[in-house]
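First the structure, in the form of C-alpha cells, and then the observations on it.
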Amino acid sequence: MLIKTLIIYNLYMKSLLTFCLIFISTNILAELKIKLDQEIEELMPKVIEWRHDIHQYPELGNREFRTSKKIEEHLVSLGIEVETKIAYTGLVGLIKGGKPGPTIALRADMDALPVEEKTGLPFASKVRTTYLGNDVGVMHACGHDAHVAILMGVAEFLAKNKSDIKGNIMLIFQPAEEGPPEDEGGGAKMMLEEGIFERYKPEVIFGLHVTNIPNGVLLVKSGPAMAAASSYRIKIKGVQAHGSTPWAGIDPIMATSQLIESLNTVVSRRINIINNPAVVSVGMIKTGTRANIIPEDSMLMGTIRTFDPELRKEVYEEIEQIAAGVAVGTGTEITVEFDVGGFFPVTYNDPKLVEAMKGSLASASPGKFVESDIPVTGAEDFSYFSQEIPGLYFWLGVNKPGVGLDAVNFGDRSGVPGNHSPYFIVDDSALDKGVRAFVHLVDDYPDKF
Ligand SMILES: [Zn+2]
Ligand SMILES: [Zn+2]
C-alpha cells in the first residue's frame, strides 16, 4: 500500500515537475509576447500620436531632419544607444538584451514623397517644397510615417523590457527609401556603405510596409517578393522655332510623343513576359514654356520593373533601339541614361526564414496571416539589406476595418487608394499588428535559429 502510494506520489510529483517545466519554458519563450499583451493598450495611443505628427510634417529623402530629431530624442529618452547622421539623416539604435542571443535588425524608412495630400484628414500635410525645380506638396503617401511610429513603439516596448530580450536589437531608421536626390546617393545602400552592418553585425533583418489590403492582414511572399526597380531618362534635343512655323525647327515634343507610344510597346510587343513579369512606365515629361514656341529640349523619365537580370538587359536594349529609331525619324538628338536615380535589386525573402517565422506573424494577427505566391512589381531598397544577410519583408494591411475583400489576390486593390496616391489613408487601428509582428519576430527568432 505504502509502495503504491509512493509510486502515485512520485508520479504526481513528476507530472507536477513536468508541468512546471513546461510552464516555465513556455513562459520564458513567450515572455516578451505576454508582456506586450499587457502593455500594448497603453503603448498604441502614443504610436498613433507620433504617426499623426510625422504625417503632418513630412520630409523628402535625405531631408528628414525633423523626423530624425524626433526619433533620436525618443530613443535617447529610453536610454538606447543612438548613432545619428548615417547616410545624411539616418539613425541606428541598439538595445542590448539581458539574455544571450543574436543581433536582430528591424528597419523603418522615414521619407515622404512629392505628392500634394488630398485626404482631408485633420492632420493632413500642408508642407510644400521645391523638387526637381517644381513647387510641390509633400506627403507621406507611402505610409513611411506609420513605419517610423511602429518602430518607435517597438523601441519603447523593447527598451522597457530589455532584460527579456535574447540578444540585441538593432533599430534602423533609414532615409530616402524612395530614392535620394540624384547627385547625393542615400538610402539603404549608403547606410551599408557607411558600415552599419560591420559595426553592429546583425544576423537577420525584418521590415514591413503598410498598404491598401484588409485591415490587420500580415502578408508575406517567400523568395523573390518585390521587383528590381530601374529608371531611365531620355533627353531629346531639337531646334527651337516659332509655333507658327514648325518647318523652321525640329520639334522635340513630337519626338517625345512618339517615344511614349513606342515605350509602351516594350512590354506589350517586344519582350516575352509570359513567365517573367516586367513593367515600363513613363512617369514624367518636362518640356516647353509657352503655347506658341516649339521648344529646343524635352525630357522624359520613367521606371522599369523586372525580376530577371537577363530580361532587364533586354528592356534596356529595346529602349535604346526605340530612342535611336525616333531620333532618325524626327531628326532630333536623343540620349538615354539608365538608373540615374539609383537601382533597387529584387527584394528577396529568405525561404528558410519565412518558413521558420511565419508562425510568429500568424500569432501577431490571428486569422489574418496570408502567405502569398504572387510577387509585386513595387520595389524596396530593403533589398540591399537582405542581399547582405537573410531578410524578411512583409506587408501590413491598413484599410479601414471591413474594407477590401481579397487579401490573397494582392492585385485586387478593391478600389481603395493605394501607396503614392494623394488619397492614401493609413487606418490607425491596424498599427498594433505591426508592433506585435516585430515583437513576435524578435521574441521567437533566437529559439528557431
Ligand atoms: Zn513608396
Ligand atoms: Zn514605401
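Some points to look at:
- For the condition modelled with pLDDT of 95 or more, surrounded by 19 or more Cβ atoms within 10 Å (Cβ to Cβ), assigned to a strand (DSSP E or B) and within 16 Å of ligand 1 (Cβ to nearest atom), Ala141 does not qualify.
- Scanning region 348-366 for residues that are buried (at least 16 other Cβ atoms within 10 Å of the Cβ) and either among the aromatic types (Phe, Trp, Tyr) or assigned to a helix (DSSP H, G or I) (or both) gives Tyr348, Leu353, Val354, Ala356, Met357, Lys358, Ser360, Leu361, Ala362, Ser363, Ala364.
- Boolean, Val328 is in a helix (DSSP H, G or I) and free of Cβ contacts under 8 Å to residues at least 24 places away in the same chain: yes
- Lone qualifier among Ala159, Ala146 - being part of a helix (DSSP H, G or I), away from ligand 2 (no atom under 16 Å from the Cβ) and at pLDDT 95 or above: Ala159
- Residue check, Tyr200 over 15 Å from the mean Cα position of the chain (by Cα), of a type in the set (Phe, Trp, Tyr) and surrounded by fewer than 21 Cβ atoms within 10 Å (Cβ to Cβ): yes
- Any chance Phe382 is surrounded by fewer than 23 Cβ atoms within 10 Å (Cβ to Cβ) and of a type outside the set (S, T, N, Q): no
- Any chance Phe123 is more than 16 Å from ligand 2 (Cβ to nearest atom) and in a helix (DSSP H, G or I): no
- Residue within region 138-150 that is at negative phi and without any contact (Cβ under 8 Å) to a residue 40 or more places away in the chain present: yes
- Residue, farthest from ligand 1 (Cβ to nearest atom), within region 170-187, restricted to residues that are buried (at least 24 other Cβ atoms within 10 Å of the Cβ) and under 22 Å from Arg436 (Cβ atoms): Leu171
- Yes/no for Ser421 being assigned to a loop (DSSP other than H, G, I, E, B) and hydroxyl-bearing (Ser, Thr, Tyr): yes
- Among the residues of region 277-303, those identified as under 20 Å from Ser231 (Cβ atoms) and not β-branched (Val, Ile, Thr) are Pro277, Ala278, Ser281, Gly283, Met284, Lys286, Asp297, Ser298, Met299, Leu300, Met301, Gly302.
- Output for region 72-90, where each listed residue is crowded, with 19+ Cβ neighbours inside 10 Å and either touching a Pro at 6+ places or on another chain (Cβ under 9 Å) or assigned to a loop (DSSP other than H, G, I, E, B) (or both): Ile80, Ile86, Ala87, Tyr88, Thr89, Gly90
- Any hit, region 279-288, residues being closer than 23 Å to Thr245 by Cβ and either surrounded by fewer than 19 Cβ atoms within 10 Å (Cβ to Cβ) or modelled with pLDDT of 95 or more (or both): yes
- Those residues of region 166-187 which are within 16 Å of ligand 2 (Cβ to nearest atom) and among the charged types (D, E, K, R), in sequence order: Glu177, Glu178
- Taken over region 327-347, the criterion of being buried (at least 22 other Cβ atoms within 10 Å of the Cβ) and aliphatic (A, V, I, L, M) is satisfied by Ile334, Val346.
The values are calculated or read from the model by the stated rules, or taken from the named source; none is laboratory data. Because the structure is predicted, anything quoted here is derived from the model rather than measured. A quick note on method: Cβ atoms are made from the backbone with ideal geometry, for glycine too, and the neighbour counts reach across all protein chains shown.
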